[in-house]
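Visitor: Before I ask anything, let me first share the structure, which is written out below as structure tokens.
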Amino acid sequence: MSDSKTYAPSAETVARAHVDAAKYDEMYAASIKDPEAFWGEHGKRIDWIKPYTQVKDVSYDFGNVNINWYADGTLNVSANCIDRHLETRGDQTAIIWEPDNPEDDAQHITYKQLHAETCKMANVLKSLGVGKGDRVVLYLPMIPEAAYAMLACTRIGAIHSIVFAGFSPDALAARVSGCDAKVVITADGAPRGGRVTNLKDNVNQALINVMHDTHCLVVKRTGQQIAWRDDLDHWLHEAAEGVDADCPAVEMAAEDPLFILYTSGSTGQPKGVVHTTGGYIVYAALTHEITFDYHDGDVYWCTADVGWVTGHSYIVYGPLANGGITLMFEGVPTYPDASRFWQICEKHKVAQFYTAPTALRALMGQGNSFVEKADLSSLKLLGTVGEPINPEAWNWYYNVVGGGRCPIVDTWWQTETGGHLMTPLPGAHATKPGSAMKPFFGIKPLVLDPTSAEVIEGNGVEGVLVIADSWPGQMRTVWEDHERFEKTYFSDYKGYYFTGDGCRRDEDGDYWITGRVDDVINVSGHRMGTAEVESALVAHATVAEAAVVGYPHDIKGQGIYCYVTLMNGQEPSEELRKELRTWVRQEIGPIASPDLIQWAPGLPKTRSGKIMRRILRKIAEDDFGALGDTSTLADPSVVEDLIENRMNKS
Ligand code: WT7
């Protein structure tokens, strides 16, 4: 693939950039040669209450995995994102908020206002008994209060766990119970694309299934009718009335937890990824500045939701730690029509725009006129994240959206990594459509042979992707399950962090992510454990057995393909298909909605009863020629039936 076309940065991009090619080479080499010195220096971009004297203390030894950065330093993340900017840029905009309905006014929230609102929310949380180390769940629309709530938690040392507002009450309940949250912060309703989700109703339903008493702090967003629990529910605007607009920022140790964020794995229930305070904020801030080549005064827009890690690191923490201007959008790319993203870029003069391939593919399908009617001359850089970007979408982004002027940073990273691990840097690297190109400072990617676990040296090679050493933004543990942390990331390939991704290093030494090598699929940039969808399906009374795999989907990247075996006596029908779809949406959320459900009289199994997913994947991918070795199948006729009755792609 070294023959793929490369796009060199323009002279203008290089001249403006914090990091050019020579500087990247020099800094990267230094970061690998002496991580202590490199991160010791870059840690200083953050204000510490007590400066660190230790930088890195890490063991990747299975059975004793222990990751510490800046361990004897103390700091507060909220103070770094707000207070330290007050003197120099108190009246500068921190957050631009664009509401769902374009007819409604946008808000420009200054750093001073951000300070007051965050402090008030922090004092309200305190009045509800929340203190250092307590957990608070956020289940919110994309409104400024989501940022206030995150920063209010970090201000008083509480640990937030954000649950994407598209998750179902059941999924929310599991996450509230999972971390024993004292408070859930939500809104009455969430307008998105002109439709309103009844968030508070979802919370009410969820809390019925939570064993402990949980306060609920409610932001008034829509003013709609909601059911109210007199003893435990509180309107934010009422609770904030009497409280002080100042709240001291608590001194936190660098390794105190900052937040928990649940993410899907290849087995069982989602795991609570734990990020800590010092290393995370250093890494989020540095990557935000360097990858996006962020300069003072630039309006930066990441279209993610704060319910995902992208929203944590690159809407709130990174940009605000850098004193930046970050845009938050409540709505969707296609409402009122497919020009909304571009209208917003024009309206707020966005310089850096960061979105997901799935959104680009959907918009690309609507035709160029929606882009062309907006003035996009303010754009300097485009970014993508979440899944591999196909060359068609990349080229459309580059030429139609960026007018051939803007470099594209294809950022590869994960909930676990806290920030970008591989991406081209705009002023330093030529780009190739679909390649994540180069490792960020301090990141040493290795390609391993999946069977022998040997390191594969040289270029033009492919294998599984591991990272040789730690970086400050790395997750530290799974919430209350350190054993699962070690097992998931450090047991298959000893001594390395295992990413779960496959990758190719091309002839030029550039990296291409080839997708997950485990049972995790990527649906519209959202990560989904196939095991989760399977357990939702078998929880339905009619289902005996289910196997779920991904298949190529034009817009979503991967779609959800389900093979379902019904209980004896159950008849397959279109109605039942619909019911199972609704069922899964209820159990997990709309993002887990099955695309295709095939009735399977039996599933291909080995003689020891193990489902052969490899075969199911190939059938779903419509790749029958490559079924591979089927000699270990207990009953080969099962496969013939599945092929014959394969569902057509949607
Ligand atoms: C998985 C992580 C990190 C933010 C959003 C997703 C895939 C992510 C890319 C990219 C190819 C990518 C990987 C990764 N992925 N970015 N630029 N190119 N694949 O976070 O939900 O933790 O998912 O998303 O497979 O392992 P996440």
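Visitor: In region 228-273, what residues are part of a loop (DSSP other than H, G, I, E, B), acidic (Asp, Glu) and under 21 Å from residue 216 (Cα atoms)?
Guide: Selection gives 230, 231, 241, 244.
Visitor: Further question on the same structure: Test residue 280 against the criterion of being among the aromatic types (Phe, Trp, Tyr), part of a strand (DSSP E or B) and at pLDDT 95 or above, and give yes or no.
Guide: Taking the combined requirement at face value, the residue does not satisfy it.
Visitor: Could you give every pair whose Cβ atoms fall below 7 Å, whose first residue belongs to region 598-611 and is small (Gly, Ala, Ser), and whose second residue is not in a loop (DSSP other than H, G, I, E, B), counting only separations of at least 6 or pairs across chains?
Guide: Correct list of pairs: 600/563; 600/564; 600/565; 600/642; 602/565; 602/638.
Visitor: What single numbered condition from (1) in a strand (DSSP E or B); (2) surrounded by fewer than 24 Cβ atoms within 10 Å (Cβ to Cβ) fails to hold for residue 95?
Guide: Unmet condition: (2).
Visitor: Look at residue 519 and say whether it is in contact (Cβ under 8 Å) with a residue 40 or more places away in the chain and away from the ligand (no atom under 16 Å from the Cβ).
Guide: Considered against the rule, which asks whether it is in contact (Cβ under 8 Å) with a residue 40 or more places away in the chain and away from the ligand (no atom under 16 Å from the Cβ), residue 519 comes out as no.
Visitor: From (1) within 14 Å of the ligand (Cβ to nearest atom); (2) within 21 Å of the chain's Cα centre (by Cα), pick out the condition that doesn't hold for residue 504.
Guide: (2)
Visitor: Against the definition (of a type outside the set (Val, Ile, Thr), closer than 30 Å to residue 206 by Cα and in contact (Cβ under 8 Å) with a residue 12 or more places away in the chain), how does residue 559 come out, yes or no? Spell out how you get there, then give the answer.
Guide: On the way: of a type outside the set (Val, Ile, Thr): yes; closer than 30 Å to residue 206 by Cα: yes; in contact (Cβ under 8 Å) with a residue 12 or more places away in the chain: yes.
Yes.
Visitor: Select from region 283-335 the residues that are part of a helix (DSSP H, G or I) and farther than 23 Å from residue 260 by Cα and write down the one among them that is farthest from the ligand (Cβ to nearest atom). Before the answer, list the steps.
Guide: Taking region 283-335 as the starting set, the residues that turn out to be part of a helix (DSSP H, G or I) are 283-291, 309-321.
Those still in the list that are farther than 23 Å from residue 260 by Cα too: 289-291.
Numbers: 289: 18, 290: 16, 291: 11 Å.
Top of the filtered list is 289.
Visitor: Can you tell me which residues in region 372-390 are surrounded by fewer than 23 Cβ atoms within 10 Å (Cβ to Cβ), without any contact (Cβ under 8 Å) to a residue 60 or more places away in the chain and not charged (D, E, K, R)?
Guide: Passing the criteria: 374, 376, 377, 379, 390.
Visitor: With the checklist (1) surrounded by fewer than 23 Cβ atoms within 10 Å (Cβ to Cβ); (2) in a loop (DSSP other than H, G, I, E, B); (3) in contact (Cβ under 8 Å) with a residue 24 or more places away in the chain in hand, flag the one item residue 404 doesn't pass.
Guide: Only one criterion is unmet by residue 404, namely (3).
Visitor: Further question: Filter region 186-242 down to the residues that are at positive phi and under 25 Å from the mean Cα position of the chain (by Cα), then identify the one that is surrounded by the fewest Cβ atoms within 10 Å (Cβ to Cβ).
Guide: Our first condition is that a residue be at positive phi; within region 186-242, this holds for 193-194, 223.
Filter once more, keeping what is under 25 Å from the mean Cα position of the chain (by Cα): 193-194.
Working: 193: 15, 194: 11.
Ranking the candidates gives 194 first.
Visitor: Continuing with the same structure: Any idea which of 619, 643 is part of a helix (DSSP H, G or I) and surrounded by 21 or more Cβ atoms within 10 Å (Cβ to Cβ)?
Guide: The unique qualifying residue is 619.
Visitor: Keeping to region 21-35, report how many residues are within 28 Å of the chain's Cα centre (by Cα) and closer than 21 Å to residue 381 by Cβ.
Guide: Just the residues of region 21-35 that are within 28 Å of the chain's Cα centre (by Cα), to begin with: 24, 27-28, 31-32, 35.
Adding the requirement that they be closer than 21 Å to residue 381 by Cβ leaves 24, 27-28.
The number of residues fulfilling the criteria is 3.
The values are calculated or read from the model by the stated rules, or taken from the named source; none is laboratory data. Quantities reported herein were computed from a predicted structural model and do not represent experimental measurements. Methodologically, a virtual Cβ is constructed for each residue, glycine included, from the backbone with ideal geometry; neighbour enumeration extends over all protein chains shown.
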